[in-house]
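Every number in this text was worked out from the coordinates using simple rules, so none of it is lab data. Just so it is clear, the model here is predicted, and its values are computed rather than measured.
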Amino acid sequence: MSDSVKQTVEALSSMDDVNSVRDLVEQRLAQGDATFVADLGIALIKQFGTSANPVWQYRSAFDSVCVF
């Protein structure tokens, strides 16, 4: 997992909005870096996927990853 993926997931719960995550996903895909997007989705599931009440930022960021 890249440092950028790890940093994004770690910062997620303190974000007021997750538009920057969506922008990052779009940018990486435009650059042909689908691996980053897949790694981000996996990291989000590992961090928040089993939580009974995941933070809203997780749900929003994960939805952004799944759209692409």
* Asked: For the chain, rounded, prolate or oblate, judged on the Cα gyration tensor with a ≥ b ≥ c (square roots of eigenvalues), a/c < 1.5 rounded, else prolate if a/b > b/c?
  -> prolate
* **Gap separating the Cα centres of the stretch 2-25 and the stretch 30-68, nearest whole Å** => 9
* Angle in degrees between helix 34-48 and the longest Cα principal axis of the chain, rounded to the nearest 10 -> 10
